[in-house]
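Trainee: Here it is, the structure, as structure tokens.
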Amino acid sequence: MSEKLASPPAFFLNHTLGGVNMSMPSIPPEPYRPNRKEVIVDLLESIALEEISLSHLMKAEAEKIQAFVGECKDFPTDPSSEEIIQFNRNMNQFLETIVMKEWILLRKLQNVLYFHETTCDKKHHHHHHHHKHHKRKCNCCCSECLTSQLKNEKCHCHRS
């Protein structure tokens with residue numbers, strides 16, 4: 001028994017909206033594309049902003065815990081045992097979410113540093129073979145160097 005599978009409708013394969021082919025995603029051209037250094041700065045700033053947001057969330061949850069438990073740990077709202085258990089479950093779920101988010105931010109930071117190091121290694125390789133007379137401020141690509149380079153400051157990592 002061979003059953004013929006129905007082919008997708010033509011509009012699905014070649015659907016256009018305002019002249020844009022919807023079957024293949026594309027990045028629209030922009031007049032300005034950031035360079036690698038600007039991309040790294042933007043990524044580091046996004047990590048910092050997310051960390052700040054998480055700190056605000058944790059502070060709000062800490063205040064909620066303090067209000068629930070009371071300053072003298074006397075449970076001013078007189079919750080039942082079930083309400084205390086549910087509150088504890090909610091706090092555990094919140095903390096698990098924060099830990100997962102922190103792990104994702106750590107991975108993002110590691111990827112940014114790796115991106116910088118691989119970019120830096122290529123520059124060093126090119127630099128050493130073609131421009132022997134020019135000397136960089138620092139020869140490594142550690143996070144201290146990255147930070148100082150992004151701030152246009154002298155590196156203090158003592159590896160140069």
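The values are calculated or read from the model by the stated rules, or taken from the named source; none is laboratory data. This one's a predicted model, so the numbers in the text were calculated from it and none came from an experiment. All Cβ positions, even for glycine, are placed from backbone atoms using ideal geometry, and neighbour counts span all protein chains on display.
Trainee: Are there any pairs, at least 6 apart or on different chains, whose C-beta atoms fall under 7 Å, with the first in the range 104-129 and at pLDDT 60 or above and the second part of a helix (DSSP H, G or I) and of a type outside the set (A, V, I, L, M, F, W, C), and if so, which?
Mentor: Every condition considered, the pairs that remain are Leu105/Glu50; Leu105/Glu51; Leu113/Ser143; Thr119/Arg36.
Trainee: Somewhere in the range 151-159, is a residue surrounded by 12 or more Cβ atoms within 10 Å (Cβ to Cβ), at positive phi, modelled with pLDDT of 70 or more and not in a helix (DSSP H, G or I)?
Mentor: no
Trainee: Hey, another quick one. Condition check: touching an Asp or Glu at 6+ places or on another chain (Cβ under 9 Å), in a helix (DSSP H, G or I), surrounded by 13 or more Cβ atoms within 10 Å (Cβ to Cβ) and of a type outside the set (Gly, Ala, Ser). Does Glu61 satisfy that? Before the answer, list the steps.
Mentor: Details: touching an Asp or Glu at 6+ places or on another chain (Cβ under 9 Å): no; in a helix (DSSP H, G or I): yes; surrounded by 13 or more Cβ atoms within 10 Å (Cβ to Cβ): yes; of a type outside the set (Gly, Ala, Ser): yes.
So Glu61 fails the test.
Trainee: Here's something else I'd like to know. (1) more than 21 Å from the chain's Cα centre (by Cα); (2) at pLDDT 95 or above; (3) among the polar types (S, T, N, Q): which one isn't true of Ser55, the others all being true?
Mentor: Here Ser55 clears every test but (1).
Trainee: Moving on. What are the pairs, 6+ residues apart or on separate chains, where a residue within the range 30-48 that is touching a residue at least 24 places away in the same chain (Cβ under 8 Å) has its Cβ under 9 Å from a residue that is in a loop (DSSP other than H, G, I, E, B)?
Mentor: Every condition considered, the pairs that remain are Val41/Pro34.
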